[in-house]
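Note sheet for the following structure.
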Amino acid sequence: MLTLIERDFIVNLSLQRAWQHLARVDQWPQWARHIKHIEINPSNELGSHSSGVIVLSNGIKSTFRMTEFNPGQNWKWVGPFLWMTIHYDHRFEELSPTQTRLRFVIEASGFGVNVFGRVFARIYRRNLEKAIPLLIKEMES
């Protein structure tokens, strides 16, 4: 497996509030402008059996299914991209009662990962760099 992106940032929220906010996956298009819509099953409830579809602003659809779910620590879901499998890990670390570090780790495996994975990472990194400041602002307001 190849690590494509590791991006961490700090929010001025308790771990519980940070988790609750990010777990409202259906609301991600408010801060992640590259996402048009997210459908999650079971409906609007993030959990160990969650799966769904993310519709990007360019019309591309991507499916995902939960592979790891540890409340208050992390959740990881996996989805296809071309001939690769992309693993999206959302990690939480309490720094203090009012500060939490969030870390997004994106890894890939499969055919062409050394070429297509790097292209995917370049595009995805740009999207994250735009989305994370909006997420921080939304979480802290």
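The values are calculated or read from the model by the stated rules, or taken from the named source; none is laboratory data. Quick caveat, the model's predicted, so the values are computed rather than measured. Neighbour counts run over all protein chains shown; Cβ positions are idealised from the backbone, glycine included. Remember, those area values only see protein heavy atoms, side chains included, never the ligands or the DNA or RNA. Shrake-Rupley method; radii C 1.70, N 1.55, O 1.52, S 1.80 Å.
Is there any pair linking a residue in the stretch 110-129 that is within 16 Å of Ala32 (Cβ to Cβ) to one that is open to solvent by 50 Å² or more (accessible area, probe 1.4 Å) and modelled with pLDDT of 95 or more, with Cβ under 6 Å and at least six apart or on different chains, and which?
Final answer for the pair search is Leu128/Arg7.
From the set of residues in the stretch 94-109 that are touching a residue at least 60 places away in the same chain (Cβ under 8 Å) and farther than 22 Å from His34 by Cβ, which is least open to solvent (accessible area, probe 1.4 Å)?
Checked the stretch 94-109; the qualifying residue least open to solvent (accessible area, probe 1.4 Å) is Thr100.
Do we have Arg17 as part of a loop (DSSP other than H, G, I, E, B), among the basic types (Lys, Arg), open to solvent by 10 Å² or more (accessible area, probe 1.4 Å) and out of contact with any Leu (no Cβ under 7 Å at 6 or more places or on another chain) here? Steps first, please.
Values: part of a loop (DSSP other than H, G, I, E, B): no; among the basic types (Lys, Arg): yes; open to solvent by 10 Å² or more (accessible area, probe 1.4 Å): yes; out of contact with any Leu (no Cβ under 7 Å at 6 or more places or on another chain): yes.
It is false that Arg17 is part of a loop (DSSP other than H, G, I, E, B), among the basic types (Lys, Arg), open to solvent by 10 Å² or more (accessible area, probe 1.4 Å) and out of contact with any Leu (no Cβ under 7 Å at 6 or more places or on another chain).
If I ask for residues that are in contact with a strand residue (DSSP E or B) (Cβ under 7 Å, 6 or more places away or on another chain) and open to solvent by 20 Å² or more (accessible area, probe 1.4 Å), which ones from the stretch 29-45 would you list?
Pro29, His34, Lys36, His37, Glu39, Asn41, listed by residue number.
Just to be sure before I move on: is Ile5 under 30 Å from Val115 (Cβ atoms) and either touching a Gly at 6+ places or on another chain (Cβ under 6 Å) or assigned to a strand (DSSP E or B) (or both) in the structure I sent?
yes
Considering only the stretch 110-141, state which residues are in contact with a Phe, Trp or Tyr (Cβ under 9 Å, 6 or more places away or on another chain), over 20 Å from Val25 (Cα atoms) and either of a type in the set (D, E, K, R) or surrounded by fewer than 12 Cβ atoms within 10 Å (Cβ to Cβ) (or both).
Across the stretch 110-141, the qualifying residue is only Phe111.
Check Ser62, Ser43 and return the single one that is touching a Leu at 6+ places or on another chain (Cβ under 8 Å), of a type outside the set (Val, Ile, Thr) and at pLDDT below 95.
Exactly one of Ser62, Ser43 is touching a Leu at 6+ places or on another chain (Cβ under 8 Å), of a type outside the set (Val, Ile, Thr) and at pLDDT below 95, namely Ser62.
Suppose we filter the stretch 51-67 for residues that are within 13 Å of Tyr88 (Cα to Cα) and open to solvent by 50 Å² or more (accessible area, probe 1.4 Å); how many remain?
3
I'm told Ala131 meets every condition in (1) within 18 Å of Phe9 (Cα to Cα); (2) among the small types (Gly, Ala, Ser); (3) at pLDDT below 95 except one. Can you identify the failing condition by its number?
(3)
Looking only at strands (runs of 3 or more DSSP E) that lie completely in the stretch 63-141, which have at least 3 residues being over 14 Å from the mean Cα position of the chain (by Cα)?
Numbers: elements: 74-81, 84-96, 99-110.
Once the strands (runs of 3 or more DSSP E) in the stretch 63-141 are filtered for at least 3 residues that are over 14 Å from the mean Cα position of the chain (by Cα), what remains is 84-96, 99-110.
Pull out all pairs, ordered by first then second residue, where Cβ-Cβ is under 9 Å, the residues are six or more apart or on different chains, the first lies in the stretch 30-50 and is in contact (Cβ under 8 Å) with a residue 24 or more places away in the chain, and the second is part of a loop (DSSP other than H, G, I, E, B).
Arg33/Ser57; His34/Ser57; His34/Asn58; Leu46/Ala23; Leu46/Arg24; Ser50/Pro42
Does Gly59 satisfy being out of contact with any Phe, Trp or Tyr (no Cβ under 9 Å at 6 or more places or on another chain), among the small types (Gly, Ala, Ser) and part of a loop (DSSP other than H, G, I, E, B)?
yes
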